[in-house]
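Here's the structure, in structure tokens; my notes come after.
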2 protein chains.
Amino acid sequence: MNRIPIDEVCETLAAVLRRFGFTDERAQTCARLFTETTCDGVYTHGINRFPRFVATVRNGAVDVEAQPQVVSHFGAMERWDGQCGPGNLNALAAMERAMELSREHGLGCVALGNTNHWMRGGTYGWQAAEAGLIGICWTNTMPNLPPWGGAEPCIGNNPLVIAVPRAEGHVVLDMAMSQFSYGALESYRNRGEMLPMEGGFDVEGNLTRDPAAIEKSQRALPVGYWKGSGLSIVLDMIAAMTSLGLATHQLAADPLRETGLSQVFVAMNPDALGPAPTGSHIADEVVASLHRCKPAKAGSAVRYPGEQTLRMRAENQRLGLPIDPTVWAQILAM
Amino acid sequence: MNRIPIDEVCETLAAVLRRFGFTDERAQTCARLFTETTCDGVYTHGINRFPRFVATVRNGAVDVEAQPQVVSHFGAMERWDGQCGPGNLNALAAMERAMELSREHGLGCVALGNTNHWMRGGTYGWQAAEAGLIGICWTNTMPNLPPWGGAEPCIGNNPLVIAVPRAEGHVVLDMAMSQFSYGALESYRNRGEMLPMEGGFDVEGNLTRDPAAIEKSQRALPVGYWKGSGLSIVLDMIAAMTSLGLATHQLAADPLRETGLSQVFVAMNPDALGPAPTGSHIADEVVASLHRCKPAKAGSAVRYPGEQTLRMRAENQRLGLPIDPTVWAQILAM
């Protein structure tokens, strides 16, 4: 793994994006989001995902010039058409607007249809939390997960992000509705390891820890079995209903053709209801209660969602971003 | 199991509540919520829970005369103090107000602190959906679940409810963050059955399907392991921060003293952004896509959350409510 300075990585990606028709400002922002994702240690959705993103620009799934448009608005709620623009730029703009609405109304919501993969969902949670706001957002995806009781992928893994601002480090949950992604199954298989818990069914329909058996059956487990399956279904319905965009079953089951996604961005302003004390000390106290919890393994500790991020970010800022040389060579050749 | 006509059950409960100081109107509403919960087939949180509810009235945890009060408001958001009143009446009023706010602002939110157990969370989802609104609400609970990486119950099972209106039957997800409740573990143990999947750790820290081993260790699993643990944590933080109420770690770990809960009620008006077509056909199409999904077992079918409810409701309305004779005798003696 190479270590490359952040600014060099960001400028390299931006230069590629400019060559594909991004304006300078949009290229910078889009490149920054990929770079920050790797810097935060979410390697699957940062630089490693950039070649696939460029492939969707090349094949026309992503329209580099498209800007999201407001379709309708009512009070604290807006419906946007993403015009099949770059998914991360659309999502960033939608959360920014939900944040503005929350400053005006206490909470705000933007329903964004006709958009593309938002890359790391956590990005938009951090965005809200950095501004002192609670951020809640989710996206639907192509069918990639069997519902509970189903034998084929009919629902999406529909990531859900919930972020809570906190002076000592924001709390950011970023969870897909599959227990293990296919990327994670592949990693376990390549290392010759079993999963630490049951992650899906084998072709005979038995629960299994064998990653290869799940890759073969294509029957990964939703988190919490019937519960995560149900959560995926209602998140998909709400995203499509509020944006009047596509639902999971209408999306192409091909990562390079997965376009026209529906997403929801909600921001809540915990300070709107003032007066002080604001709720920030409450988040601190919850974190302290977790740190007091007796750990399952001596020497370890219970962590809050996102607790590792600031440490990873500082380390990668100091040492440079760890980049797979093969991926980097691909990007330099673009 | 006896079958007793709904009206007789409801009137019997209301009479008990009046004897404990409920006004006639509040006794009727509170009794109706318990009765409807049993009618919908959620037996754990209906009539079977009534004796425990009355015990919390008797010991003063629930103040039968208290009415929730608005503490502050800003735009589409309000903070309420539940004054330790009856949890189901407080929650019903809070969701009703969130629904009003959503008609005015597109979406609305009531953060309710200092309240009591809301009994069946799904009640408030059905309430929003019956009015054609999307309802999202959650509650924190006393510490009753170990966080991921923890060996003792430090987080709540914090039920989350998400309801989507649909002409042919609302879609209502009502999920606690524990994979199996202690009530469910007890049922499996009494039947001499293993759980259908791993539901917790034994005292040695191994994942197990043995309900008795989990009851012994008190280490039930969060849904999706680290994922449901994280979701429980952020839901608790948001409920306490927005209501300025108590967080899970501050609540007494005793079902009869579990008072001062924090809850969030959000309503979204999918029609606010008009014009028609509204999103209702979208929910229908998602349901149709689930029904087309190849089932894991021949002859079965994939179901949406809440799909069984209308059938159960109709059956129980026709035949009368199935009531445990012991519980009924207890209630008649109150």
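Just so it is clear, none of the values below were taken in a lab; they were calculated from the coordinates. If you're wondering where the values come from, they're calculated on a predicted model, not measured in any experiment. Virtual Cβ from ideal backbone geometry, glycine too; neighbours counted across all protein chains shown.
Tabulated results
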quantity	calculated
Shielding of A:76-82 by partner chains, average beta-carbon count, 10 Å	4
Convex hull volume of the stretch B:179-221 per residue (C-alpha atoms, cubic angstrom)	52
Rounded if a/c under 1.5, otherwise prolate or oblate - the stretch B:133-239, Cα gyration tensor axes	oblate
Globularity ratio of the protein assembly as shown, using Cα Rg and 2.2 N^0.38 Å	0.94
Unit charges on C-beta of K, R, D, E only; dipole of chain A, Debye	500
FRET efficiency estimate (nearest 0.05) - Cβ-Cβ, B:PHE20 to A:SER187, R0 51 angstrom	0.30
Between the stretch A:174-215 and the stretch B:10-77, the alpha-carbon center distance in angstrom	45
Potential lengthening between A:GLU204 and A:GLU104 on full extension [0.36 nm per residue; Cα-Cα distance subtracted]	30.5 nm
Pair A:LYS216, B:ALA298: separation of 7 Å Cα→Cβ label points (nm)	2.2
Given chain B, longest segment not containing exposed loop trypsin sites (Lys or Arg not before Pro) (DSSP; at most 10 other Cβ within 10 Å)	B:1-190
Candidates A:SER229, A:SER280, A:SER262: whichever shows maximal mean-square fluctuation once chain A is modelled as a Gaussian network with Cα springs under 10 Å	A:SER280
Teacher prompt: A:GLY205 distances to equivalent labels in other copies, 7 Å Cα→Cβ, nm	3.7
For chain A, built as a Gaussian network whose Cα springs stay under 10 Å, the top-fluctuating residue of A:MET312, A:MET268, A:MET142	A:MET312
Lone cysteines, chain B (no partner Cβ under 4.7 Å)	B:CYS10, B:CYS30, B:CYS39, B:CYS84, B:CYS109, B:CYS137
GNM top mover of B:PRO159, B:PRO222, B:PRO295 - chain B, alpha-carbon springs below 10 Å	B:PRO295
Nearest-first distances (nm) between copies at A:SER187, label 7 Å from Cα via Cβ	3.7
Residue list for the stretch B:176-214, given a label point 7 angstrom along the Cα-to-Cβ vector of B:MET1 and an amide N cut-off under 16 Å	B:184, B:187-188, B:191
Average beta carbon contacts from partner chains per residue of B:297-310, 10 Å cutoff	3
Average partner coverage of A:165-174, which counts Cβ from other chains inside 10 Å	2
For chain A: rounded, prolate or oblate by the Cα gyration tensor [a/c cutoff 1.5]	rounded
Position A:ARG18, label points 7 Å along Cα→Cβ, spacing to each other copy in nm (shortest first, one decimal)	8.1
Charge sum, other residues only, whose C-beta stays under 14 Å from A:ARG3's C-beta, Lys/Arg counted +1 and Asp/Glu -1	-3
Neighbour count of at most 15 Cβ within 10 Å plus DSSP loop: longest GluC sites (Glu not before Pro)-free window in chain A	A:205-334
Estimated FRET transfer efficiency (A:MET197, B:ARG313; beta-carbon r; R0 35 Å; 0.05)	0.45
Shape category assigned to the stretch A:216-334 from the gyration tensor of Cα positions, a/c cut at 1.5	oblate
